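*Asks:* To start, I am sharing the structure in question, which I have written as structure tokens.
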Amino acid sequence: MNNLSLWDHDDPFCINVVATSLDIDSFGHVNNVVYIKWLEQLAWAHSSALGLSESDCVAMARGMAVRRINVEYLSACYAGDEIVVGNWISASDGKLRITRRYQLIVPATNTTVMRGEVDFVCMNLQSGRPARFPARFSEAYRVTLLD
């Protein structure tokens, strides 16, 4: 994305998505649950880029589960809109929890359409209970929000 001044913070990890007709609800715009799906897609893409793919997590029987989601929808998106979904790891205790901060931008209109924050907790995938980070999680899930 060319206009870095649109980002709330420096150096987001981003993916690009395009809203399709399947994403549109009866009000004619992208349904709110689709935005949440995009946040999940970005979290996995970022995690993979940090060296923790979904299959790595399954093999370790550890994964990051959503504890809390807080999103603010600022503007609607429509079929055909190209959206840049960016995130930063804004907090990590290095043991059990991380927080990702998100921003969604439509470059064609220079519009931020959503901001959000998601708290995650590390879970043992076999027991379903919280579990300490494996060493790979502590190394990968470091804070990236530097400002």
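*Asks:* Identify the single condition in (1) of a type in the set (Gly, Ala, Ser); (2) surrounded by fewer than 18 Cβ atoms within 10 Å (Cβ to Cβ); (3) closer than 20 Å to residue 136 by Cα that residue 80 does not satisfy, given that it satisfies every other one.
*Replies:* Answer for residue 80: the failing condition is (3).
*Asks:* Okay, moving on. Considering every residue within region 107-116, establish whether at least one is at pLDDT 95 or above, over 18 Å from residue 14 (Cα atoms) and surrounded by 14 or more Cβ atoms within 10 Å (Cβ to Cβ).
*Replies:* Taking every residue of region 107-116 in turn, none turns out to be at pLDDT 95 or above, over 18 Å from residue 14 (Cα atoms) and surrounded by 14 or more Cβ atoms within 10 Å (Cβ to Cβ).
*Asks:* What's the number of the condition residue 122 fails, among (1) more than 23 Å from residue 11 (Cβ to Cβ); (2) in contact (Cβ under 8 Å) with a residue 60 or more places away in the chain; (3) not in a strand (DSSP E or B)?
*Replies:* (3)
*Asks:* Checking residue 46 against (1) more than 13 Å from the chain's Cα centre (by Cα); (2) part of a helix (DSSP H, G or I); (3) surrounded by 15 or more Cβ atoms within 10 Å (Cβ to Cβ); (4) not basic (Lys, Arg), which single condition isn't satisfied?
*Replies:* Tallying (1) more than 13 Å from the chain's Cα centre (by Cα); (2) part of a helix (DSSP H, G or I); (3) surrounded by 15 or more Cβ atoms within 10 Å (Cβ to Cβ); (4) not basic (Lys, Arg), residue 46 fails exactly one: (1).
*Asks:* Give me a count of the residues in region 1-30 that are over 14 Å from residue 83 (Cα atoms), assigned to a loop (DSSP other than H, G, I, E, B) and free of Cβ contacts under 8 Å to residues at least 60 places away in the same chain.
*Replies:* Of the residues in that region, 4 qualify.
The values are calculated or read from the model by the stated rules, or taken from the named source; none is laboratory data. Keep in mind that what you see is a predicted model, and the values were worked out from it rather than measured. Backbone-built Cβ (ideal geometry, glycine too); neighbour counts: all protein chains shown.
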